Amino acid sequence: MNSVKQRLPRLLPWLDQRRPDVVCLQETKLADQAFADLLGEELARRGYEVAAHGEPRWNGVAILSRAGLDDVVTGVAGAPGFPHQEARAVAATCGGVRVHSVYVPNGRTPDSDHYRYKLEWLAALREVVRLGPEEAMVCGDVNIAPADADVFDPAAYEGQTHVTAPERAALAELRELGLHDVVRERWPEERVFTYWDYRAGMFHKDLGMRIDLVLASDPVAGRVRAAWVDRHARKGTGPSDHAPVIVDLDEAPDGDIGPVVPPPSAPAPKRGSVKLPQAPSG
DNA sequence: ATGTCAGATGTGATCTGA
């Protein structure tokens, strides 16, 4: 979101256009009461139940659902604070699936306390998911590009947060619980990004990173019929610097809803020596 | 061009975080 308050004119039309059953939001940057005051009524009118977990200024996550919203848990048990507990995770059971909306700490620089905090936070998240139900999804801004293919130019990010080996190992350990990276599995060779820096025309040039993931356990991943990044939502006036990831699931394991065609993406520009703005990622 | 935003402090420009 990069502020749900600033993004309201984009969020509500997007909900009406895509009509998702379950929505995981990150970086709402709003306390729970302010969240309810700002958009509770608009969401209720659209049939959404809401689990919001926020702070007055930073962070903040939420789950919107019209597929049920049960057993809401805020935060990650056993996770460290920085120094206080931050609003970076909320979980709920929606239509039989344990859904986690997560905003993984940024990490800032690899030698920082914030980076160590990020790794410890991921380890705690892994424990929560490990002890949870088999049908599970982890969705959100993980602030890690899983592989070099998830960065427009790996050389431009070398040694920076989001691409280091320990971060990728922490993410891999989470995935070793049996979680599928459903967008990468659907688009194994394609150029797919979810985040583009606001500066320097990065979106226009499609110089981005794939740091927003939908991870799904086996029984859920088997129901995936479409998985794609809604780049359209990054265009136009007043977008977030991230684009939403959309995943369609069948209702039944052997169901068939026919072919689903994602919208066309922009042609990939040539890889080159592009100077990277010094404040990476959101 | 370190080229953008958003939130805050506290009124206007500067800081923090991404």
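The values are calculated or read from the model by the stated rules, or taken from the named source; none is laboratory data. Since we're looking at a predicted model, the values are computed, not measured. A quick note on method: Cβ atoms are made from the backbone with ideal geometry, for glycine too, and the neighbour counts reach across all protein chains shown.
Across region A:210-229, what is the total count of residues that are buried (at least 21 other Cβ atoms within 10 Å of the Cβ) and of a type in the set (D, E, K, R)?
Counting residues in region A:210-229 that are buried (at least 21 other Cβ atoms within 10 Å of the Cβ) and of a type in the set (D, E, K, R) gives 2.
So for region A:89-98 (the condition being under 17 Å from the mean Cα position of the chain (by Cα), part of a loop (DSSP other than H, G, I, E, B), surrounded by 22 or more Cβ atoms within 10 Å (Cβ to Cβ) and touching a residue at least 12 places away in the same chain (Cβ under 8 Å)), does at least one residue qualify?
no
Restricted to region A:1-44, and to residues that are among the aliphatic types (A, V, I, L, M) and not in a helix (DSSP H, G or I), which residue is nearest to the chain's Cα centre (by Cα)? Quick ask: steps written out before the conclusion?
Kept after step one, since they are among the aliphatic types (A, V, I, L, M), are these residues of region A:1-44: A:1, A:4, A:8, A:11-12, A:15, A:22-23, A:25, A:30-31, A:34, A:36, A:38-39, A:43-44.
Going one step further and asking which of them are not in a helix (DSSP H, G or I), we end up with A:1, A:22-23, A:25, A:30-31.
Details: A:1: 10, A:22: 13, A:23: 10, A:25: 7, A:30: 18, A:31: 20 Å.
Among residues in region A:1-44 that are among the aliphatic types (A, V, I, L, M) and not in a helix (DSSP H, G or I), the one nearest to the chain's Cα centre (by Cα) is A:25.
Does residue A:44 satisfy being more than 9 Å from DNA strand B (Cβ to nearest atom) and over 18 Å from residue A:99 (Cβ atoms)?
On the way: more than 9 Å from DNA strand B (Cβ to nearest atom): yes; over 18 Å from residue A:99 (Cβ atoms): yes.
Yes; evaluated as a whole, the condition is true for this residue.
Determine whether residue A:38 is under 20 Å from residue A:194 (Cα atoms) and either at pLDDT 95 or above or of a type in the set (Asp, Glu) (or both). Write out each step before concluding.
Working: under 20 Å from residue A:194 (Cα atoms): no; either at pLDDT 95 or above or of a type in the set (Asp, Glu) (or both): yes.
Here the answer is no, as residue A:38 does not meet what is asked.
Given the residues A:176, A:134, which is the only one that is of a type in the set (Asp, Glu), touching a residue at least 12 places away in the same chain (Cβ under 8 Å) and away from DNA strand B (no atom under 16 Å from the Cβ)?
Working: A:176 fails: touching a residue at least 12 places away in the same chain (Cβ under 8 Å).
Criteria check complete, one pass: A:134.
Looking at this structure, is residue A:249 out of contact with any Cys (no Cβ under 6 Å at 6 or more places or on another chain), within 16 Å of DNA strand B (Cβ to nearest atom), modelled with pLDDT of 95 or more and under 30 Å from residue A:97 (Cα atoms)? Quick ask: steps written out before the conclusion?
On the way: out of contact with any Cys (no Cβ under 6 Å at 6 or more places or on another chain): yes; within 16 Å of DNA strand B (Cβ to nearest atom): no; modelled with pLDDT of 95 or more: yes; under 30 Å from residue A:97 (Cα atoms): yes.
It is false that residue A:249 is out of contact with any Cys (no Cβ under 6 Å at 6 or more places or on another chain), within 16 Å of DNA strand B (Cβ to nearest atom), modelled with pLDDT of 95 or more and under 30 Å from residue A:97 (Cα atoms).
Mind checking which residues of region A:1-41 are among the charged types (D, E, K, R) and within 16 Å of DNA strand B (Cβ to nearest atom)? Talk me through it step by step, then tell me what you get.
The initial filter retains those residues of region A:1-41 that are among the charged types (D, E, K, R), namely A:5, A:7, A:10, A:16, A:18-19, A:21, A:27, A:29, A:32, A:37, A:41.
Within region A:1-41, A:5, A:7, A:10, A:27, A:29, A:32, A:37 meet the criteria.
Can you say whether residue A:180 is under 24 Å from residue A:201 (Cα atoms) and under 17 Å from the mean Cα position of the chain (by Cα), as far as the supplied structure shows?
Values: under 24 Å from residue A:201 (Cα atoms): no; under 17 Å from the mean Cα position of the chain (by Cα): yes.
Answer is no for this residue.
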